[in-house]
Amino acid sequence: MLPVAELAEVGDDQFDAEVLRAAAGAVTRSLAGTGSVSISLPATTSTQAVAVSEGALLEGVFTPRDLRGQ
């Protein structure tokens, strides 16, 4: 299987946790079914790192709508 790359636009230098969470979720959803995924986002604080992990693990499986119970 050939390597696949997915890019996500996260905007300017103001990377808040919600933006990073959504970007990680979008990338993992778009790569569903691949053998493995590696994510590199500009998380410089523990809050940002947790947001990336949550996005990759939770939003990659569930849509944001599912997580909000709507």
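Results, tabulated for the structure shown:
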{"item": "Ordering of 28-40, 46-58 by burial proxy (mean other Cβ atoms within 10 Å per residue, highest first)", "result": "46-58, 28-40"}
{"item": "Backbone HN-Hα couplings from phi across segment 30-39 [Karplus 6.51/-1.76/1.60, Hz, Gly and Pro as x]", "result": "5, 9, 4, x, 7, x, 7, 9, 10, 10"}
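Rule-based calculations on the coordinates, nothing more; no lab input. Bear in mind the structure is a predicted one, so any value in this text is a computation, not a measurement. Ideal geometry is used to build each Cβ from the backbone, glycine not excepted, and the neighbour counts take in all protein chains shown.
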